[in-house]
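Everything on this sheet refers to the single structure shown next.
The values are calculated or read from the model by the stated rules, or taken from the named source; none is laboratory data. Quick caveat, the model's predicted, so the values are computed rather than measured. A quick note on method: Cβ atoms are made from the backbone with ideal geometry, for glycine too, and the neighbour counts reach across all protein chains shown.
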Amino acid sequence: MPGSGLPLRRAIALAVLSLVVLIFTVASMTIAHAPPSVRSLATSSLLRLIAVIALHGGSPVLTDGTIEPSCDDRTPRAGLMAAIWKRPISVELLNSIHVGTTVSHLGIEFLEVGDDFIRARAPVDARTRQPMGVLHGGISVLLAESLGSCGAAFSSPPGYGAVGLEINANHLRSVNDGWVVGVCRPFHTGRTTQVWHIEISNERGQLTCASRITIALLSPQQP
């Protein structure tokens, strides 16, 4: 729940602290007859661990002795990845620009735009099945290319064009009804080319196709 991260970390810290105290007690009894130098080292190490947990609320300690920031303290992922889109993008916009195209005729729908991904789905019905009664492999490729092309276009600077150079697809599982859902993410985003990876799954979340597309970015024509 929102705002519950800090109390949860404190509760975990108290539980760990109690465990450490118990270990400290048992260890103290165990090393009671050890040489003074050993007792001193063990005692100081345990006390330092207790102090770290108590002061930092259970935040992990890195190998260099610094405290790793908690999830509440880190920069939100949206803030890290928002720069991938260099043009306005939304589900509504993606669906609207495909009206009257192959994408809309086959019933493909864009569902979600994330910080660094686009999600869309394609129906498995009479429009998209092959004679054996399962989803035509070309539909998976069409879905993959539609996703990858949109990803490249909207993550490139305004005025640039995005055209496909090469696409490959591995068909891993057949689907005979329902929907398949594709998600594209960037694998490489350069100045002149981009490579996008697309995974397509059935409604049970099983991977049905893995695809990768290479896109060429065309700079705006000079006047």
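A compact table of results
Residue-wise test of (1) on the phi > 0 side of the Ramachandran plot; (2) of a type in the set (Val, Ile, Thr).
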| residue | (1), (2) |
| --- | --- |
| Asn95 | no, no |
| Gly107 | yes, no |
| Asp115 | no, no |
| Pro157 | no, no |
| Gly164 | no, no |
| Ser174 | no, no |
| Val180 | no, yes |
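The rows are residues; the columns are (1) at pLDDT below 95; (2) among the β-branched types (Val, Ile, Thr); (3) surrounded by 12 or more Cβ atoms within 10 Å (Cβ to Cβ).
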| position | (1), (2), (3) |
| --- | --- |
| Gly159 | yes, no, no |
| Gly164 | no, no, yes |
| Cys184 | no, no, yes |
| Phe187 | no, no, yes |
| Thr193 | no, yes, yes |
| Asn202 | no, no, yes |
| Gln222 | yes, no, no |
